[in-house]
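A.B. asks: The structure is given below, and queries will be raised subsequently.
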Amino acid sequence: MADTSTKLSAGIKQVLVPDIGDYKDVSIIEVMVKAGDTIRAEDNLVTLETDKAAMEVPSPYAGVIKEMKVKVGDKVSQGSLIMTLECADVSALSAPGVSGDASPHSKPQAAPAAPAVAAPVAAAVSAPVPGTVQAVLNGSDASLHSGAHASPAIRRFARELGVQVAQVKGSGEKGRVTKDDVQSFVKAALVQPRGATGGNGLQVLALPVVDFARFGAIETKPLSRIRKISGANLHRNWVTIPHITQFDEADITEMDAFRKELGVEYAKQNIRITPLAFLVKAVVVALQQFPEFNASLDAGGENLVFKQYFHIGVAVDTPDGLMVPVLRDADKKGVVQIARELGEISARAREKKITAAEMQGGCFSISSLGGIGGTAFTPIINAPELAILGVSRAIIKPMHRDDTFVARLMLPLSLSYDHRVIDGAAAARFIVFLSQVLADTRRLAL
């Protein structure tokens, strides 16, 4: 591909949708600029929303916008034209994602994707608000305030609450919708009686509005974008999926001894062999034995989609919140390769370098708190997956073996599963089988 930094000259340039993973026909939910605006490099242009997350597309360089080619509601894919821009900064033309008009044979490149998040972890900002609230927010009277005006920040705030701005009557100057208007709209929806929405939703009392400063000094900090998105997703999953959690312990005495031997052997290659690498491999063996755990309900909830691939999501604790990158084709990889890739994707997640594509396609998730502590917990299923494994800290316990007590390293396991699809007996068999695999690493070769 030709070097655009030398081929392109100052003039009208094209800004394209960057690499957004496997998504196609993604909705534009916000346009932050207009024709005639002067923008700087890295200024956000539009916000795209997939079924997993919302992402902002930044400008690769500075200039004056000549013409916008998209509007709110348009569907775009990688390479779609966002706008034309007059740029006099030739040094910036080497930035990917811009195609010039100097040569008809120049092939446009995609700009680097804006940091995308998804939590088990990653969910749409506009995840449905459960119960009577959602019924009101999605009512058929949207045309009542179809001409409502609001700033991008207020529109984003409304989306995070599941509110359509068109339904909110603005009290600001010239009828603009304010933050107070959105909050009042949600409060009114929360306290509506069940009958007002046909009785199909959950009836939830409004949270009390408390002035915490009355009781002492406070400090207010905004939630990170990851926590906002994952919070909505987790709430949806918790209230819409009937969770059951099965607990067990696995004797990993021999496995841990073998892991330490491997750790010494591969330390020279800077590969850290963690228990999580063995867990990923053991989970794949269990999924192969119990294929209903490697399935998902279809959109209509009438059929099970059985997956012939084994992509395992692994929860990563980052400074901004939990992220769940996906380790692909774990069935085709050994423990050492899995350990290497886990280290790489975890580092990229913490450095905010993980891509949207690396957060997609998971079949089953693992959330390990073993490095922190605890004895058990109830992990929330990462829909559309049907189960998730929680792992706590392994401890030495006296176990009865051959009429005597011996010290064994026991690993607590917590398996949450979707009871609409998986019965308790199947879940018990799964976790018992998983414990057997972890207790005898030879089973990983079967």
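A.B. asks: Could you list which residues have their amide H under 5 Å from that of Leu322, counting only those 5 or more apart in sequence or on another chain, with H placed in the peptide plane?
C.D. replies: Distant-sequence amide H within range of Leu322: zero hits.
A.B. asks: To continue, here is another question. Please list 3J(HN,Hα) in residue order for the stretch 357-372, calculated via the Karplus relation 6.51 cos²θ - 1.76 cosθ + 1.60 where θ = phi - 60°; whole Hz, with x for glycine and proline.
C.D. replies: Coupling constants for the stretch 357-372: 4, 6, 9, 10, x, x, 9, 7, 10, 10, 10, 10, 10, x, x, 9 Hz.
A.B. asks: Let me ask something else. With a Förster radius of 51 Å, plug the Cβ-Cβ distance of Leu207 and Phe405 into 1/(1 + (r/R0)^6) and report the FRET value to the nearest 0.05. Don't skip to the end; give the middle numbers.
C.D. replies: Working: r = 51 Å, r/R0 = 1.00.
The pair Leu207/Phe405 has a calculated efficiency of 0.50.
A.B. asks: At a Förster distance of 30 Å, what's the computed FRET efficiency of Lys75 paired with Thr220, Cβ-Cβ distance as r, to 0.05? List each step's numbers first, then the result.
C.D. replies: Working: r = 37 Å, r/R0 = 1.25.
Here the calculated transfer efficiency is 0.20.
A.B. asks: Name the long-range amide H neighbours of Ala250: under 5 Å, sequence gap of 5 or more, or other chain; modelled H, no Pro or chain starts.
C.D. replies: Leu411, Leu413
A.B. asks: Another question, if that's okay. Which whole-Hz couplings ³J(HN,Hα) result when phi for each residue of the stretch 388-404 is put into the Karplus expression 6.51 cos²θ - 1.76 cosθ + 1.60, θ = phi - 60°, listed in order with x for Gly and Pro?
C.D. replies: Using θ = phi - 60°, the values come out as 8, 10, x, 10, 10, 6, 6, 9, 6, 10, x, 10, 7, 9, 6, 6, 8 Hz.
A.B. asks: Based on the inverse mean of 1/r over its pairs of different Cα atoms, what is the Kirkwood hydrodynamic radius of the stretch 306-397, in Å? Provide the component values of the computation, followed by the final result.
C.D. replies: Values: mean 1/r = 0.0715 Å⁻¹.
Mean inverse Cα-Cα distance, inverted, gives 14.0 Å.
A.B. asks: Separate question: Using Cβ counts within 10 Å as a stand-in for footprinting exposure, how do Ile271, Ile12, Ile226 rank, fewest first? Working shown, then result.
C.D. replies: Details: Ile271 18, Ile12 13, Ile226 22.
So the ranking, lowest neighbour count to highest, is Ile12, Ile271, Ile226.
A.B. asks: Further, regarding this structure: Bins of 5 Å, beginning at zero and ending with the bin holding the largest distance: percent of Cα pairs per bin for the stretch 239-326, please.
C.D. replies: Whole-percent P(r) values from 0 Å outward: 3, 10, 13, 17, 21, 17, 10, 5, 4, 1, 0.
A.B. asks: Work out from phi, with θ = phi - 60° and the Karplus expression 6.51 cos²θ - 1.76 cosθ + 1.60, the ³J(HN,Hα) of each residue of the stretch 326-335, listed in order in whole Hz, and give x for Gly and Pro.
C.D. replies: Karplus values, whole Hz, x for Gly and Pro: 10, 8, 8, 6, 5, 5, 9, 10, x, 4.
A.B. asks: Project the alpha carbons of the stretch 375-440 onto their principal axes and report the range along each, largest first, in whole Å.
C.D. replies: 44, 22, 17
A.B. asks: Can you sort His311, His419, His400 so the residue with the fewest Cβ neighbours within 10 Å comes first?
C.D. replies: With the sparsest Cβ surroundings first, the list reads His400, His419, His311.
A.B. asks: Please report the spacing between the Cα centers of the stretch 394-430 and the stretch 270-318 in Å, no decimals.
C.D. replies: 19 Å
A.B. asks: Right, something else. How many Å³ per residue does the convex hull of the Cα positions in the stretch 243-445 occupy?
C.D. replies: For the stretch 243-445, the hull spanned by Cα atoms encloses 129 Å³ per residue.
A.B. asks: Same structure, new question: Glu344 versus Arg443, label points 7 Å from Cα toward the beta carbon: distance in nm?
C.D. replies: 3.0 nm
A.B. asks: With a bin width of 10 angstrom, please list the P(r) values of the stretch 197-295 as percents of all Cα-Cα pairs, from the 0 bin to the one holding the largest distance.
C.D. replies: 10, 19, 24, 22, 16, 9, 1
Every number here is computed from the coordinates shown, using simple stated rules; none is lab data. Computed from a predicted structure; not experimentally measured. Because the Cβ atoms are built from the backbone with ideal geometry, glycine has one as well, and the counts that use them run over all protein chains shown.
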